[in-house]
1. Let me see the P(r) profile for the range 127-166: every Cα-Cα distance counted, bins of 10 Å, each bin given as a percent of all pairs.
2. Which whole-number value in Å² is the accessible area per residue of the range 108-170, probe 1.4 Å?
3. Can you order the peptides 154-162, 174-182 by their average number of other Cβ atoms within 10 Å per residue, highest first?
4. If DNA, RNA and ligands are ignored and the probe is 1.4 Å, what is the ranking of Ile198, Ile20 by accessible area, most exposed first?
5. Carbon and sulfur atoms: what percent of the 1.4 Å accessible area of the range 125-173 do they account for?
6. On a 1.4 Å probe surface of the protein chains, which of Ile8, Ile18, Ile83 comes out largest in accessible area, and what is the full order?
7. Provide the gained length on full extension for the span Ala178 to Asp150, in nm with one decimal, where the gain is 0.36 nm per separating residue minus the Cα-Cα distance.
Amino acid sequence: MQGTLNIILLTAAAGACIPIGALIARQTRIQQQWLDEEFRHSVIALGAGILLGAVAIVLVPDALEHLNHSPWAIALMLSGGLIFYWLEKYLDIHRRSAPQFTGMLLDYVPESLALGGIAASGADTTMLLAVLIGLQNLPEGFNAYKELTDTGRSSNKVLLLMLALVPLGPIVGLAGYAALGDQHEILGSIMLVASGGILYLIFQDIAPQIPIRKHRGPPLGAVIGFSIAMLGVVLNQY
């Protein structure tokens, strides 16, 4: 019972960062257009850095442990990239492409599933992964809100959509907790497929939005985001 409650609280807290990020975006009003644009691109870079850090520092190392460093890990990582490639292609053909929102949703679901499985397996990276998911959901919620409202969608409807995503984390996390705790190969496979997909989204959709002509500051957000992920690992050792 205690483990179930913990996974509900962790995934709900991580998911709540999505509407919090959206609320920050809603309240953020910078008068100078160039400053607003540079700030937004910096937030995109920050989210990309945290995503990259979560993949490099938590998801991939834990997945390799679960799979005993099997060579199949490479195929799983590549398959994740291919799956997200075809999904993005499908959404683009059907004119439903929203890369920030799609990226947020497609990494939130498998990461919550993995979080539940990691918690059930008793790994000591459970809290770290939950914190990283929450940290990346903040800038992703911010960017997804801006992206959707820029296309003419009602700000209230977008915010309600973000709020509706919060319970998704606990639902998926509980499924992972119940089904994946002792299924190390399946858990590791999910983490690697998610990692491949996240890397694809970073370099296909997120990273190309970071640079601004004549402004070199925003890409530093990626370095800061990755450093935040590293800090989480360092603190996890104490």
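The values are calculated or read from the model by the stated rules, or taken from the named source; none is laboratory data. Keep in mind the model is a prediction, meaning the values are calculated, not measured. Methodologically, a virtual Cβ is constructed for each residue, glycine included, from the backbone with ideal geometry; neighbour enumeration extends over all protein chains shown. Ligands, DNA and RNA are excluded from the accessible area calculation, which covers all protein heavy atoms including side chains. Shrake-Rupley method; radii C 1.70, N 1.55, O 1.52, S 1.80 Å.
1. Calculated over all Cα pairs of the range 127-166, the distribution is 29, 47, 19, 4 percent.
2. Values: 2250 Å² over 63 residues.
Value for the range 108-170: 36 Å² per residue.
3. 174-182, 154-162
4. Accessible-area ranking of Ile198, Ile20, largest first: Ile20, Ile198.
5. Values: 1370 of 1930 Å².
The value for the range 125-173 is 71 percent carbon and sulfur by accessible area.
6. Numbers: Ile8 60, Ile18 0, Ile83 95 Å².
The ranking, largest first, comes out as Ile83, Ile8, Ile18.
7. The Ala178-Asp150 span can extend by a further 6.1 nm.
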